[in-house]
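Values in this text are rule-based calculations from the coordinates and carry no lab data. Computed from a prediction, not measured in an experiment: that's the story for all the values here. All Cβ positions, even for glycine, are placed from backbone atoms using ideal geometry, and neighbour counts span all protein chains on display.
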Amino acid sequence: MTEPAAVIEQAASAAPVTAGSGWSVAAGLVRTARPRQWVKNGLVLAAPFAAARPLDAYEAIRLAAVLVLFTACSAAVYLINDARDAEADRAHPVKRHRPVASGQVPVAAAYAAGLVLALAAPATAALACNGDTAALLAAYVAMQLAYCIRLKHMLVVDLVIVTTGFLMRAMAGGLALDITLSRWFLITSGFGALFMVAAKRYSELVLMSGQDGELGASRALLGSYTVGYLRFVWQLAAGVAILGYCLWALESGSSAHGLLPWRQLSMVPFTLSILRYAVFADAGTAGEPEDVVLRDRPLLVIALAWGLLYVLAVADS
């Protein structure tokens, strides 16, 4: 079975590469920045939404700016990572088609573009938002580069780093708008992210074992985990995420004039969303979380139901 990401990489590589062409290099830089992964940066909107805070025009612009700047930071990491791994990627049956490895984008150009984005994004955040947001973006870039260079080879630490990256996304919008981040928001976001990260690793390991270790070259550390351990991690994380959300909903209390306890009722679709995603995790088909979230209609319906209940809770408060 071919991974969806591999299919996309192979299809993109079918286009002719014009070495040295300005348009070709620009297109290759965009591909290297992984546009498909930018959807993850939508988590920047999580804290303002969770706080149910109405935004004025200035705050909306600031939040949009943080979303763009976080996308720039993640793009910087991908560019530098691909430039650093160019030689190794050329020996890989799929990764050799990446723009840097294939020669479409010079290694120096990828390094330069990544460095510019890595430095410019936190600096712009300091001017457009505040020092906390700039520090968060700088810490994210530093942590992800450390992950690319060394930490991705350390057992368990790799799970923590990827999870922390998602948590930082969820925190960014709140820091930019000076929103106090509740402990329940951090617990639910953190363990929800760990659930998805562990489920992704679990699915990759299941796929690797079905292909006689074929994926080992692309993620050497993966073989150090066992299926049982990763299953334990995503099941534990799912349980803590649900518990954190339920405690938050119960602690929030009911509105004195609300028709129904909307916030407490939102626990039902939230729990169902975890259970629905767990179907894919257990089957070993959660290797591409964005595909699972965006392409599974029942999961989208559950998410809409949760959003409706949450909006009703805010409106009744």
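Non-local amide H neighbours of G284 (under 5 Å, H modeled in plane, Pro and chain starts lacking H): which ones?
Those qualifying (amide H under 5 Å, at least 5 residues apart or on another chain) number zero.
What are the principal axis extents of the Cα atoms in segment 182-317, in Å, biggest first?
Extents along the principal axes: 60, 29, 18 Å.
Please report the spacing between the Cα centers of segment 279-301 and segment 17-73 in Å, no decimals.
23
Can you find, among F185, Q144, V301, the residue farthest towards the positive end of the dipole of the chain? Put +1 on the C-beta of Lys and Arg, -1 on that of Asp and Glu.
Most positive-ward Cα: Q144.
Charges on Cβ only, +1 for Lys and Arg, -1 for Asp and Glu, centred on the Cα centroid of the chain; of L247, L45, L69, which one is farthest towards the dipole's positive end?
Positive-end residue among those listed: L69.
Compute the acute angle (0 to 90°) between the alpha-carbon long axis of helix 267-283 and the principal axis of greatest extent of the alpha-carbon atoms of the chain; round to the nearest 10°.
30
Mind putting a number on the dipole of the chain about its Cα centre? Charges go on the C-beta only, +1 for Lys and Arg and -1 for Asp and Glu, and I need it in Debye to the nearest 20. Please report the intermediate quantities before stating the final value.
Details: 23 positive and 21 negative charges, 38 e Å.
My answer is approximately 180 debye.
If you stretched the chain out fully between H153 and A128, how much longer would it get, using 0.36 nm times the residue separation minus the C-alpha to C-alpha distance?
5.4 nm
Under the rule of -39500 (n - 2.57) per DSSP H run of 4 or more residues, summed and divided by the residues of the chain, what mean residue ellipticity at 222 nm is obtained, to the nearest 500 deg cm²/dmol? Walk me through the intermediate numbers first.
Working: 15 runs with 226 residues, N = 317.
About -23500 deg cm²/dmol.
³J(HN,Hα) across segment 164-181 via Karplus (A = 6.51, B = -1.76, C = 1.60, θ = phi - 60°), whole Hz, x for Gly/Pro?
Values per residue, Gly and Pro as x: 4, x, 5, 4, 4, 4, 5, 7, 4, x, x, 5, 5, 9, 6, 8, 6, 8 Hz.
Normalised by the residues of segment 33-119, what does the relative contact order come to in percent, with Cα pairs under 8 Å and at least six apart?
31
Angle check, please: helix 227-252 long axis (alpha carbons) against the longest principal axis of the chain (alpha carbons), in degrees 0 to 90, nearest 10.
With rounding to tens, the tilt is 30 degrees.
In degrees, nearest 10, range 0 to 90: what is the angle between the Cα axis of helix 107-128 and the longest Cα principal axis of the chain?
The angle comes out near 30 degrees.
To the nearest 0.05, what FRET efficiency results for V68 and A26 with a Förster distance of 25 Å applied to their C-beta separation?
Details: r = 18 Å, r/R0 = 0.73.
For R0 = 25 Å, the calculated efficiency reads 0.85.
Which value, in debye to the nearest 20, gives the size of the charge dipole of segment 182-317 about its Cα centre, when Lys and Arg are +1 and Asp and Glu are -1 at the Cβ? Numbers along the way, then the final one.
Values: 9 positive and 10 negative charges, 48 e Å.
My answer is approximately 240 debye.
Need the full-extension length gain, R90 to L308, defined as separation in residues times 0.36 nm minus the C-alpha distance. One decimal, nm.
Here the segment from R90 to L308 would lengthen by 73.7 nm.
At 7 Å along the Cα-to-beta-carbon direction for both A108 and F232, put a label point, then send me their distance in nm to one decimal.
Taking the two extended label points, one gets 5.1 nm.
Got the relative contact order for the chain handy, in percent, Cα pairs under 8 Å and 6 or more residues apart?
17
With a ≥ b ≥ c taken as the square roots of the eigenvalues of the C-alpha gyration tensor of the chain, please select rounded if a/c is under 1.5 and otherwise prolate if a/b is larger than b/c or oblate if it is not?
Since a/c reaches 1.5 but b/c is at least a/b, the shape of the chain is classed as oblate.
Note down the nm distance, to one decimal, between modelled labels 7 Å out along Cα→Cβ at D296 and at A315.
So the two model labels end up 2.8 nm from each other.
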